[in-house]
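Enquirer: First, the structure itself, so that you have it in front of you.
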Amino acid sequence: MASRRAVDQLIAKGAVAVDGRRAHVGQSIEARASIVTVDGKRVHRDARAGQLTLVLNKPAGVITTMSDERGRSSIAHLLPAGRRLFPVGRLDADTTGVLLCTTDGALARLLTHPSSGVPKRYEVVARGLWSAQIAHDLKALDHAPLPDGSHRFSVVLTEGRNRQVRRMCAQAGLRILSLTRTRFGPVRLGQLKIGCTRALEPAEARELRRLLAEPVRK
């Protein structure tokens, strides 16, 4: 990317044209509609430049919508004003943890498409009888019995079916006490406090860009 001074020098030399006409220093253009060329070669605008993606640790009791006609608490109250951010996928009202909120429609479509295969990890605390068969059926990871007789374990999904973890546990005879999404693709919950947001870490942003650059999977 050229510096502002370098761009001004190119314009002064007559190398830059807007919609086929020679540009002048200080000229305003419509970035999305204007065709800009340098030495006759078109400059392609990065469609994702200026996009914003935030990580929210969604609290329990908050629904994953930007508004609610029934007056329930929604994630809109937890996001900064001034940008139209939309949630990527959903977490049910009682589930906490990683929720990506973005202005980038291409990213949202990628992460929610059934063929994307983006892993989502959930930490479950549930009560009920535990067995090797249940662990196998749930593909449970890092199982640990808790002092109160409940169980903590993790489940990784690559699909986003509605209330899937809750349905899987119910079929296994387990009653969920708490459910937290701790990872969505490369984005991890980490130490983010409940109800707070943060920007993507550089490594997370790079990995999401890599996923966007991959060929579309059928």
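Enquirer: Which whole-number percentage describes the relative contact order of segment 53-213, with Cα contacts under 8 Å and a sequence gap of 6 or more?
Expert: 30
Enquirer: Among 180, 158, 53, which one shows the highest mean-square fluctuation when the chain is modelled as a Gaussian network with alpha-carbon springs under 10 Å?
Expert: Comparing 180, 158, 53 in the GNM, the peak value goes to 158.
Enquirer: Of the candidates 127, 83, 21, which one comes out as most mobile in a Gaussian network treatment of the chain with C-alpha springs shorter than 10 Å?
Expert: Among 127, 83, 21, the largest mean-square fluctuation in the Gaussian network model of the chain belongs to 21.
Enquirer: At 0.692 mPa s and 37 °C, plugging the Kirkwood radius over alpha-carbon pairs of segment 151-218 into Stokes-Einstein gives what diffusion coefficient in µm²/s? Let's see the in-between values first.
Expert: Details: Rh = 14.7 Å.
Calculated translational D: 223 µm²/s.
Enquirer: Okay, moving on. Assigning unit charges at the beta carbon (Lys, Arg +1; Asp, Glu -1) and nothing else, what dipole magnitude in debye, to the nearest 20, does segment 53-213 show about its Cα centre?
Expert: In total the dipole reaches around 180 debye.
Enquirer: While we're on this one: State to the nearest 20 debye the size of the charge dipole of segment 93-173 about its Cα centre, where the only charges are +1 on K and R beta carbons and -1 on D and E beta carbons.
Expert: 180
Enquirer: With the cut-off at 24 Å, report for the chain the share of all Cα pairs above it, as a whole percent.
Expert: Value for the chain: 56 percent of Cα pairs lie more than 24 Å apart.
Enquirer: Looking at 99, 67, 122, which one has the Cα that reaches farthest to the positive end of the dipole of segment 67-218 (charges on Cβ: Lys, Arg +1; Asp, Glu -1)?
Expert: 67
Enquirer: Calculate the translational D of segment 71-154 in whole µm² s⁻¹ from Stokes-Einstein, where the hydrodynamic radius comes from the Kirkwood formula applied to all Cα pairs, the temperature is 10 °C and the viscosity 1.306 mPa s.
Expert: The diffusion coefficient I find is 101 µm²/s.
Enquirer: Next question, about the same structure. In the chain, if the dipole is taken from +1 on Lys/Arg beta carbons and -1 on Asp/Glu beta carbons about the Cα centre, which of 195, 134, 36 is farthest to the positive end?
Expert: After comparing all options, I get 36.
Enquirer: Note the full-extension length gain between residue 137 and residue 76 as 0.36 nm times their separation in residues minus their Cα-Cα distance, in nm to one decimal.
Expert: 18.3 nm
Enquirer: I've got another one for you. With springs connecting C-alpha atoms under 10 Å apart, model the chain as a Gaussian network and identify which of 11, 194, 75 has the largest mean-square fluctuation.
Expert: Highest fluctuation among the options: 11.
Enquirer: For the chain, what does -39500 (n - 2.57) per DSSP helix run (n ≥ 4), summed and divided by total residues, give at 222 nm, in deg cm²/dmol to the nearest 500? Write down the numbers at each step before the final one.
Expert: Numbers: 5 runs with 44 residues, N = 218.
Mean residue ellipticity at 222 nm (helix-derived): -5500 deg cm²/dmol.
Where a number appears in this text, it was derived from the coordinates with a stated rule and is not lab data. Just so we're clear, the structure is a prediction, and the values are computed from it rather than from any experiment. Note that we place each Cβ from the backbone using ideal geometry, even for glycine, and neighbour counts take in every protein chain shown.
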